[in-house]
1. Just one of 281, 262 is open to solvent by 30 Å² or more (accessible area, probe 1.4 Å), in contact with a helix residue (DSSP H, G or I) (Cβ under 6 Å, 6 or more places away or on another chain) and within 24 Å of residue 128 (Cβ to Cβ); which is it?
2. Across segment 183-209, which residue is least open to solvent (accessible area, probe 1.4 Å) among those that are of a type in the set (S, T, N, Q) and within 22 Å of residue 148 (Cα to Cα)?
3. Quickly run through segment 210-223 and pick out the residues that are closer than 22 Å to residue 142 by Cβ and surrounded by fewer than 24 Cβ atoms within 10 Å (Cβ to Cβ).
4. Can you list residue pairs whose Cβ atoms sit under 7 Å apart, with the first residue in segment 155-167 being on the phi > 0 side of the Ramachandran plot and the second being assigned to a loop (DSSP other than H, G, I, E, B) and surrounded by fewer than 23 Cβ atoms within 10 Å (Cβ to Cβ)? Count only pairs 6 or more apart in sequence or on different chains.
5. Give 40, 65, 54 a once-over and let me know the one that is among the hydrophobic types (A, V, I, L, M, F, W, C) and either touching a Lys or Arg at 6+ places or on another chain (Cβ under 7 Å) or in a loop (DSSP other than H, G, I, E, B) (or both).
6. Could you list, in sequence order, the residues of segment 364-392 that are buried (at least 21 other Cβ atoms within 10 Å of the Cβ) and more than 25 Å from residue 79 (Cβ to Cβ)?
7. With the requirement that a residue be open to solvent by 80 Å² or more (accessible area, probe 1.4 Å) and either without any contact (Cβ under 8 Å) to a residue 12 or more places away in the chain or farther than 16 Å from residue 104 by Cβ (or both), what does segment 393-429 give you?
8. Which condition breaks for residue 178 when tested against (1) over 18 Å from residue 86 (Cα atoms); (2) surrounded by fewer than 24 Cβ atoms within 10 Å (Cβ to Cβ); (3) hydrophobic (A, V, I, L, M, F, W, C)?
Amino acid sequence: MTIQHLKRGKPEAERAEDEARVRGTVEAILKDIELRGDAAVRELSQKFDGYAPASFRLTPSEIEAAVSKVSMRDMEDIRFAQAQIRRFAEAQRASMTDIEIETMPGVVLGHRNIPVQSVGCYVPGGKFPMVASAHMSVLTASVAGVPRIAASAPPVKGEPHPAIVAAMHLGGAHEIYVLGGIQAVGAMALGTESLRPVDMLVGPGNAFVAEAKRQLFGRVGIDLFAGPTETMVIADETVDAELCATDLLGQAEHGYNSPACLITNSRRLAEGTLAEIARLLAILPTADTASVSWRDYGEVVLCDTHEEMLQVANAMAYEHVQVMTDRDDWYLAHMHSYGALFLGPRTNVANGDKVIGTNHTLPTRRAGRYTGGLWVGKFLKTHSYQRVTTDAAAALIGEYGSRLCMLEGFVGHAEQCNVRVRRYGRRNVAYGTAAE
């Protein structure tokens with residue numbers, strides 16, 4: 001087995017130092033929000049965004065005014081994207097059914113899928129206002145039936161971003177806030193004098209937002225632990241260097257720390273992609289960001305076989321995995337750790353990010369080993385229930401239950417079972433042990 005790294009990114013130790021600095025900053029800010037509420041949120045918004053209106057929540061007339069600024073073409077595009085996302089989310093919701101079965105005569109078990117009662121949806125702004133994130137979080141929560149959806153995004157150039165507000169509004173948000181960063185997720189999770197706390201936080205964000213969600217987890221639910229955008233291209237000689245380089249840099253432009261990795265069994269493609277990336281960085285308008293990301297976090301891994309490529313890809317468990325080979329279906333069948341797959345040269349990660357219908361909030365930092373991405377099911381809690389409908393079933397289950405409780409030493413548990421046996425059964429039960 002021969003696996004060569006033709007290019008490596010920044011060492012893990014250096015990445016850990018960056019993360020430690022972020023952790024400390026976030027912890028202090030969340031503590032301030034918890035202690036001082038609206039006052040802290042206002043100061044933070046003024047400091048980081050230069051924005052401190054009388055109220056961060058938009059009124060219906062302010063929402064209408066923002067939406068009116070969106071061009072007809074942009075509104076058509078937003079509606080098209082939301083139609084695709086809604087269609088897939090509705091199909092996913094339909095696959096999740098409530099069940100009830102009689103497991104034995106007189107014993108009825110079931111579960112219900114119940115929506116989370118309130119959700120805070122964060123939509124990133126900053127350098128790239130992420131209009132599509134409003135579809136992915138707000139609209140999907142709406143399809144799930146969440147009764148209270150609060151959505152928040154930072155101001156852009158000192159005012160609400162019209163297209164983001166439109167996407168939130170069309171997606172079904174009940175409350176829209178113009179608030180960004182740690183102060184947004186902190187206020188939604190912890191609550192302030194003017195913002196009722198939510199039960200769950202969802203949506204992507206920068207390193208500070210991601211760390212805030214991590215620290216708030218437990219107090220509220222979160223969709224997943226999300227780090228910087230990751231993209232992986234698995235390719236062989238069925239495609240060319242231009243396609244591979246374009247797909248890598250198309251995601252590296254997200255931020256200065258967005259990992260991008262090529263895994264291939266073709267040295268010619270690997271070296272050609274490195275050359276093509278250098279060429280594209282000379283002309284890409286977002287090269288200031290993408291070049292730093294590629295320099296510090298870009299990787300090229302050369303393998304001998306598809307089996308080795310698969311092994312490396314599953315071990316790295318990247319967020320986005322673009323597969324362009326002569327055996328794409330083989331990868332679909334054998335990949336087990338990733339965020340989302342993009343199969344074949346005709347599709348790409350940007351499709352998934354913006355419009356095709358799957359959700360773009362996906363696991364990063366190898367979290368694909370144990371979770372998938374945001375989907376309608378994340379907003380639903382599956383709760384079980386049980387019912388015993390006959391005396392005979394109550395006595396029979398009680399006998400087994402009593403003995404199993406005593407096996408573990410739980411005398412009080414056993415008596416819960418015994419009292420049912422005494423009331424509903426005809427046989428006597430010794431204390432803690434059902435009589436034979």
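The values are calculated or read from the model by the stated rules, or taken from the named source; none is laboratory data. Quantities reported herein were computed from a predicted structural model and do not represent experimental measurements. Positions of Cβ are generated from backbone atoms using ideal geometry, with glycine treated the same way; all protein chains shown enter the neighbour counts. Areas reflect the complete protein model, heavy atoms only, side chains present, ligands, DNA and RNA absent. Shrake-Rupley method; radii C 1.70, N 1.55, O 1.52, S 1.80 Å.
1. Matching residue, one of 281, 262: 281.
2. Per the stated criteria, the residue is 183.
3. Scanning segment 210-223 gives 220, 221, 222.
4. 158/50; 158/51
5. Step by step, each of 40, 65, 54 is checked, and only 54 is among the hydrophobic types (A, V, I, L, M, F, W, C) and either touching a Lys or Arg at 6+ places or on another chain (Cβ under 7 Å) or in a loop (DSSP other than H, G, I, E, B) (or both).
6. Selection gives 364, 368.
7. Here is the first cut: in segment 393-429, the ones open to solvent by 80 Å² or more (accessible area, probe 1.4 Å) are 400, 404, 407-408, 410, 413, 416, 420, 422-424, 426-428.
Hits for segment 393-429 are 404, 407, 408, 410, 413, 416, 422, 423, 426, 427, 428.
8. (2)
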